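**Q** I'd like to ask you about the structure that follows.
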Amino acid sequence: MTSLSRNPKDLLAGVLYLAFGLAGVWIARDYSMGTSSRMGAGYFPTVLGGMLILFGLLSVIRSFLVPGEAVGTVAWKGLALVVGATALFGVLLEPAGLVVSLLVLILLSASASRMFRFEWRAAVALVALVAFCVFVFVRGLGVPMPLFGSWFGG
């Protein structure tokens with residue numbers, strides 16, 4: 001069986017982007033949009049979904065124009081680590097706080113790579129990323145997340 005697509009990886013990625021983008025726009029269809037300066041509940045999922053749809057269309061078009069590789073095997077260990085780390089972040093956010101949850105998320109996700117090694121430069125970058133997230137989300141945007149949760153008396 002031959003395929004019209006010259007790049008199965010881009011075709012599959014484009015279809016996934018389209019599916020997630022359409023799902024985001026569909027879910028947000030009944031939410032209020034608001035404006036750019038005063039966003040409603042549907043603003044972010046609609047804009048993000050629209051961007052995913054655009055990237056998906058571009059990827060699908062590219063799959064017919066540019067030759068590429070076939071889809072290889074799925075890296076199940078990496079997939080499980082990244083998805084598990086994201087779920088664990090959500091579970092840990094209240095009891096452990098943002099700082100600990102981010103540390104767990106970043107370290108578990110990074111360990112999904114075969115090239116992961118914990119070095120001093122990586123530790124500095126980890127601390128900088130956590131500090132950046134704290135300042136942007138908690139201090140800058142005022143998102144009500146505890147820095148240290150109930151496990152630490154927060």
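The values are calculated or read from the model by the stated rules, or taken from the named source; none is laboratory data. All values derive from a computational prediction rather than experimental measurement. Please note: Cβ atoms are built from the backbone with ideal geometry, for glycine as well, and neighbour counts cover all protein chains shown.
Residue-wise test of (1) touching a residue at least 12 places away in the same chain (Cβ under 8 Å); (2) β-branched (Val, Ile, Thr).
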position	(1), (2)
Ser32	no, no
Ser36	no, no
Thr46	yes, yes
Met51	yes, no
Arg62	yes, no
Phe89	yes, no
Ser113	yes, no
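**Q** Moving on to the next point. What about Gly42, is it buried (at least 18 other Cβ atoms within 10 Å of the Cβ), in contact with a Phe, Trp or Tyr (Cβ under 7 Å, 6 or more places away or on another chain) and free of Cβ contacts under 8 Å to residues at least 24 places away in the same chain?
**A** Yes; evaluated as a whole, the condition is true for this residue.
**Q** Take Glu94 and tell me if it is closer than 17 Å to Leu12 by Cα and among the acidic types (Asp, Glu). Write out each step before concluding.
**A** On the way: closer than 17 Å to Leu12 by Cα: no; among the acidic types (Asp, Glu): yes.
No; evaluated as a whole, the condition is false for this residue.
**Q** Okay, next question. Of the residues Ala123, Ala96, which is at pLDDT 90 or above, loosely packed, with under 13 Cβ neighbours inside 10 Å and not basic (Lys, Arg)?
**A** Going through Ala123, Ala96 in turn, the sole match is Ala123.
**Q** Let me ask another. Scan region 1-33 residue by residue and report those that are out of contact with any Gly (no Cβ under 7 Å at 6 or more places or on another chain), exposed (fewer than 13 other Cβ atoms within 10 Å of the Cβ) and within 30 Å of Tyr43 (Cα to Cα).
**A** Hits for region 1-33 are Trp26, Arg29, Asp30.
**Q** Considering each of Ala131, Ala110 in turn, give the residue that is modelled with pLDDT of 95 or more and not charged (D, E, K, R). Steps first, please.
**A** Working: Ala110 fails: modelled with pLDDT of 95 or more.
Every option except Ala131 fails the conditions.
**Q** Which one of these is closer than 30 Å to Trp151 by Cβ, among the aromatic types (Phe, Trp, Tyr) and in a helix (DSSP H, G or I): Phe55, Phe89, Phe64?
**A** Within the list Phe55, Phe89, Phe64, the selection yields Phe89.
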